[in-house]
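*Asks:* I'd like to ask you about the structure that follows.
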Ligand code: 5AD
Ligand code: SF4
């Protein structure tokens, strides 16, 4: 599943069947990390006597898990809060809570300007939710936006809310230490901390036992995962490559994915681990942001265009059939046409299989907001973004065309939205394939020969291995 901020779907929680308990409705915006956080929140609340509903009209408590990464992500949430206000007018006992990044960033504004808001809870304070809800029930505001250096919710088994029963997110770390100059995440999610690998392996094993066939290890920068433990007199450290191997070894039939990688930290060791284990999927999401070394420096990305291309070369030589996706920002501070052309030429050079593309959106208090002028006019940002999107459209199509005639192992993830007679699933390279059913079920691995493609999807038919 590919989810990114403001264009994201709303992930509504599904029902846990219990009519006697107070009902919580959770709506989630933002990244995969946020989706997983909502699952942690659901787990905490169910453990404290609440039930979860997907019907907002049934809710006693409405929670909105929010994203701050770009301005329009926040604008959308303000719109939703107005709607919640209307619901509350009809049913004044309903509590409304803002969770996540906006809670962290805009606590005071939310409390002062949005009367509808009863709870404001930051990403590291979810264990406090039951206490804060009780305070709100007593007419106080339930507020906790303290960030932690330790919290990883390691012991909490998230309640899987998307319920496809096939693929699940597993959070392996929280926060971020990178300080990219445009990014609000270090401020909203705090410092980077890694989760105990044994709790990760345990959670993955539980997912396997429950029938799951794919896990995606999540972190803002998974390649800097680092855990140190004392074994007798010896200190033993686990890096991301080690963790990947531990997870791959849980079950050879479990697909393992991970996101997001930072180009400065993606080591050959990780690439060799990926190459060694069949069940680690051949896909890397490697955000480049810009093709201009000058802009990358202003973004504080800590790599050059050449460094990035060197990583691409390493991926291609160690894992020849690996797909590569990226994130690109158009119109960062001081970006010239020359810088923009460098982004376009890098895109062509790499031939990305997929990309998330954004206009630069200045976020208050970030390094860029404090030290650089947001000086690329809006219409220039829009035009550059359009050019980037158009080029990526061609590259994505080329990437799919190149698969026509090839065979791939595909994990059946569900029924196609367009036809009851078809399934959809993904290749190891994370490309979606639609194919006629042939007596299999969701969760099965099948071999599919690609017969055709549209700009968005591969089409195929099931074949013998
Ligand atoms: N403006 C636009 N895009 C941003 N991203 C992060 N911060 C901003 C911002 N201020 C993009 C980056 C990142 C992705 C998650 O969101 O491309 O990789
Ligand atoms: Fe949005 Fe970043 Fe927060 Fe995820 S971590 S919800 S992308 S601001």
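The values are calculated or read from the model by the stated rules, or taken from the named source; none is laboratory data. Because the structure is a prediction, the values reported are computed rather than measured. Neighbour counts are summed over all protein chains in view; Cβ atoms, including those assigned to glycine, are modelled from backbone coordinates with ideal geometry.
*Asks:* Considering 361, 419, 399, which residue is under 30 Å from residue 164 (Cα atoms) and crowded, with 19+ Cβ neighbours inside 10 Å? Talk me through it step by step, then tell me what you get.
*Replies:* Numbers: 361 fails: under 30 Å from residue 164 (Cα atoms); 419 fails: crowded, with 19+ Cβ neighbours inside 10 Å.
Sole residue among the options that is under 30 Å from residue 164 (Cα atoms) and crowded, with 19+ Cβ neighbours inside 10 Å: 399.
*Asks:* Still on this structure, I have one more. Among what's in the stretch 104-124 and is in contact with a strand residue (DSSP E or B) (Cβ under 7 Å, 6 or more places away or on another chain) and crowded, with 21+ Cβ neighbours inside 10 Å, pick the residue that is farthest from residue 43 (Cα to Cα).
*Replies:* The residue in question is 110.
*Asks:* What number of residues within the stretch 132-176 are outside any loop (DSSP other than H, G, I, E, B) and more than 15 Å from ligand 2 (Cβ to nearest atom)?
*Replies:* Residues meeting the conditions: 12.
*Asks:* Closer than 23 Å to residue 54 by Cα and surrounded by fewer than 21 Cβ atoms within 10 Å (Cβ to Cβ): does that describe residue 134?
*Replies:* Spelling it out, residue 134 is indeed closer than 23 Å to residue 54 by Cα and surrounded by fewer than 21 Cβ atoms within 10 Å (Cβ to Cβ).
*Asks:* Where the second residue is within 12 Å of ligand 2 (Cβ to nearest atom) and not in a helix (DSSP H, G or I) and the first is without any contact (Cβ under 8 Å) to a residue 24 or more places away in the chain and lies in the stretch 174-198, which pairs have Cβ atoms under 6 Å and are six or more apart or on separate chains?
*Replies:* 186/176
*Asks:* Test each condition in (1) touching a residue at least 60 places away in the same chain (Cβ under 8 Å); (2) away from ligand 1 (no atom under 16 Å from the Cβ); (3) out of contact with any helix residue (DSSP H, G or I) (no Cβ under 9 Å at 6 or more places or on another chain) for residue 41 and report the one that comes out false.
*Replies:* (3)
*Asks:* Would you be able to tell me the number of residues in the stretch 426-444 that are within 24 Å of the chain's Cα centre (by Cα) and over 17 Å from residue 322 (Cα atoms)?
*Replies:* 3
*Asks:* If I filter the stretch 28-39 for residues that are in a strand (DSSP E or B), within 16 Å of ligand 2 (Cβ to nearest atom) and at pLDDT 95 or above, do I get at least one hit?
*Replies:* yes
A quick yes/no check of all residues on (1) under 24 Å from the mean Cα position of the chain (by Cα); (2) farther than 20 Å from residue 49 by Cα; (3) outside any helix (DSSP H, G or I):
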site: 75; (1), (2), (3): yes, yes, no
site: 83; (1), (2), (3): no, yes, no
site: 89; (1), (2), (3): no, yes, no
site: 110; (1), (2), (3): no, yes, no
site: 116; (1), (2), (3): no, yes, yes
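*Asks:* Scan the stretch 137-160 residue by residue and report those that are under 21 Å from residue 95 (Cα atoms) and crowded, with 17+ Cβ neighbours inside 10 Å.
*Replies:* 142, 143, 144, 145
*Asks:* Restricting the search to the stretch 254-266, which residues are farther than 12 Å from residue 205 by Cα and in contact with a helix residue (DSSP H, G or I) (Cβ under 9 Å, 6 or more places away or on another chain)?
*Replies:* Of the stretch 254-266, the ones farther than 12 Å from residue 205 by Cα are 255-266.
Result: 256, 258, 259, 260, 261, 262, 263, 264, 265, 266.
*Asks:* Where residues in the stretch 52-73 are buried (at least 20 other Cβ atoms within 10 Å of the Cβ) and outside any loop (DSSP other than H, G, I, E, B), which of them is farthest from ligand 1 (Cβ to nearest atom)?
*Replies:* Top of the filtered list is 61.
*Asks:* Let me ask another. Mind checking which helices (runs of 4 or more DSSP H) fall wholly inside the stretch 177-279 and carry at least 3 residues that are more than 16 Å from ligand 1 (Cβ to nearest atom), at pLDDT 95 or above and farther than 30 Å from residue 303 by Cα?
*Replies:* Hits in the stretch 177-279: 197-209.
*Asks:* Under 7 Å between Cβ atoms, at least 6 apart or on separate chains: pull out the pairs that start in the stretch 47-68 with a residue that is within 15 Å of residue 27 (Cβ to Cβ) and end on any residue that is within 14 Å of ligand 2 (Cβ to nearest atom) and assigned to a loop (DSSP other than H, G, I, E, B).
*Replies:* 65/29; 66/29; 66/30; 67/5; 67/29; 67/30; 67/31
*Asks:* Going by the conditions given, is residue 301 assigned to a loop (DSSP other than H, G, I, E, B), touching a residue at least 60 places away in the same chain (Cβ under 8 Å) and touching a strand residue (DSSP E or B) at 6+ places or on another chain (Cβ under 7 Å)?
*Replies:* Spelling it out, residue 301 is indeed assigned to a loop (DSSP other than H, G, I, E, B), touching a residue at least 60 places away in the same chain (Cβ under 8 Å) and touching a strand residue (DSSP E or B) at 6+ places or on another chain (Cβ under 7 Å).
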